[in-house]
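A quick write-up on the structure given underneath.
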Amino acid sequence: MRRHWVYGVLAVELAAVLVFAVMYDSLDFRIYMLGGRAIEDGSRLYLEQLAAHWYTNTPFMAALFIPLSALPLTVVRVAWQLASVAAFSWACVSSLRLAGYRTTRRTVATAVVAGMLLQPMWQSIFLGQVNMFLMALVMADVWRVARGRPAGIGIGIAAAIKITPAIFVVLLLVTGRIKAAVTASVTFAVCSLAAFAIAPDASRLYWRHTFYDTSRVGVTYISNQSPFGAAARIMKGVDNVGGWYQAVPLTAAVLGLTLAVFWARRNDWLSAAAVTGATGLLVSPISWAHHWVWVAPALLVLLRNGSRVIAGCGYVLFVLSPLWWTPHGGVPMQYGFHGPLTMVANCYLVAGVCFLVYMASRLRNRPGAVAPEPLPEPEARRPALA
């Protein structure tokens, strides 16, 4: 009976998500729903605030919510939150497969139970965010690429929903998966053109102006764990970050994608995906704490490599999320450099950089020279999930 404790914990987590979805009006999900109602009304989607916040996602994302916005909010929210957990479960399945393990029920349940305790995951549920859907789409495509199967549609859809996954299109391109890169690009274009056909005014406004405008969000808010967010806090405002900063995302993109290419050449697509996910978070000017769902495949890479202590420290960091313990909300101590306090305030960013450094150092090992650490249910020991 003790072997099946994980299913009991999973049931508790699912019950908690269900009760929460019924009781709590998640802000970001409400904005998604309002966006579905506003997109067909000229440019109102991007000219007026929805629920006292600007709509910052793509027109395609809003178009997806047109049919949903006609349904009762609570019913759709419950379905969305449960589907988010299902999407995360599928992302875990893809990641475990890429790591070389069969996806038995117990292994997947354990991964989901542990993963849902990570702050980016539960905050995505708290806000009703789309992040876990995006990771599921991307990881499913990466698994298909690793198997030599046609791929690109999932990545293209994810990029059309929220631009940041487009870095995986670049990964496909630089690793020589040209057909998959073209498929992803065409999918992105088709989705964007479909949104344009539905809402031409909103689409023109988004791609000409809103897409580039970071003033519509609070760049210095502590949840923004991008290098740009950290620089803006340390230098006491966005206007104090000089033109030199343009070199930071460019350098991060070049180094991160180069590192991902090396891992892809070793046919380690889990590492390539984790590195690319972390790189995307460093390149984007806005990387909210709930965007850091890519910690899940990164932790799996660490565990598979036998780096249990590092993985444990990373897991604790993203469960406790100490950035929220530091001064924030506009208080004076949030700004400027305060030594260790500033490092804690930007701990996700620091962890992301450290992960890329770790992955670069691992390249010194010859391919196959170090056997990966087995997970509880490796491929050779247990039957596959039916």
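The values are calculated or read from the model by the stated rules, or taken from the named source; none is laboratory data. Only a predicted model underlies this, so the values are computations on that prediction, with no experimental measurement involved. Positions of Cβ are generated from backbone atoms using ideal geometry, with glycine treated the same way; all protein chains shown enter the neighbour counts.
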From the options V350, V295, V357, residue that is closer than 17 Å to I234 by Cα and part of a helix (DSSP H, G or I): V350
Extreme residue, nearest to N57 (Cα to Cα), among residues of the range 173-194 that are surrounded by fewer than 22 Cβ atoms within 10 Å (Cβ to Cβ) and of a type in the set (G, A, S): S192
Quick check on this structure: which one of P322, P332 is surrounded by fewer than 17 Cβ atoms within 10 Å (Cβ to Cβ), farther than 30 Å from N267 by Cβ, in contact with a Cys (Cβ under 8 Å, 6 or more places away or on another chain) and modelled with pLDDT of 65 or more? P322
Hits in the range 293-345 (condition: of a type in the set (S, T, Y) and more than 26 Å from A91 (Cα to Cα)): T326, Y335, T342
Taking first residues from the range 14-39 that are assigned to a helix (DSSP H, G or I) and second residues anywhere that are among the basic types (K, R) and surrounded by fewer than 22 Cβ atoms within 10 Å (Cβ to Cβ), the pairs with Cβ under 8 Å that are 6 or more apart or on different chains are A38/R44
Before we move on, is W288 in contact with a strand residue (DSSP E or B) (Cβ under 8 Å, 6 or more places away or on another chain), buried (at least 20 other Cβ atoms within 10 Å of the Cβ) and not aliphatic (A, V, I, L, M)? yes
Between a residue in the range 62-86 that is more than 21 Å from M135 (Cβ to Cβ) and free of Cβ contacts under 8 Å to residues at least 40 places away in the same chain and any residue that is of a type outside the set (G, A, S) and assigned to a helix (DSSP H, G or I), which pairs come within a Cβ distance under 6 Å, given they are 6 or more apart or on different chains? S69/M33; S69/R37
Name the single residue that is surrounded by the fewest Cβ atoms within 10 Å (Cβ to Cβ) among those in the range 75-106 being touching a Leu at 6+ places or on another chain (Cβ under 6 Å) and more than 23 Å from M23 (Cβ to Cβ). R105
Pull out all pairs, ordered by first then second residue, where Cβ-Cβ is under 8 Å, the residues are six or more apart or on different chains, the first lies in the range 102-121 and is among the basic types (K, R), and the second is crowded, with 21+ Cβ neighbours inside 10 Å. R102/L96
Kindly check whether there is at least one residue in the range 258-266 that is of a type in the set (F, W, Y) and surrounded by fewer than 22 Cβ atoms within 10 Å (Cβ to Cβ). yes
Residues located in the range 126-167, provided they are buried (at least 21 other Cβ atoms within 10 Å of the Cβ) and either at pLDDT below 95 or polar (S, T, N, Q) (or both): Q129, N131
Residue among V76, V93 that alone is modelled with pLDDT of 95 or more and under 27 Å from F262 (Cβ atoms): V93
So V248 passes all but one of these: (1) free of Cβ contacts under 8 Å to residues at least 40 places away in the same chain; (2) over 23 Å from V295 (Cα atoms); (3) not polar (S, T, N, Q). Which condition number does it fail? (2)
Specify the residue that is surrounded by the fewest Cβ atoms within 10 Å (Cβ to Cβ); the eligible residues are those in the range 47-67 that are at pLDDT 95 or above and in a helix (DSSP H, G or I). M61
Test: residue in the range 217-228 that is closer than 30 Å to M333 by Cβ, in a helix (DSSP H, G or I) and either in contact (Cβ under 8 Å) with a residue 24 or more places away in the chain or over 15 Å from the mean Cα position of the chain (by Cα) (or both): yes
Which condition breaks for V17 when tested against (1) within 22 Å of the chain's Cα centre (by Cα); (2) within 25 Å of G156 (Cβ to Cβ)? (2)
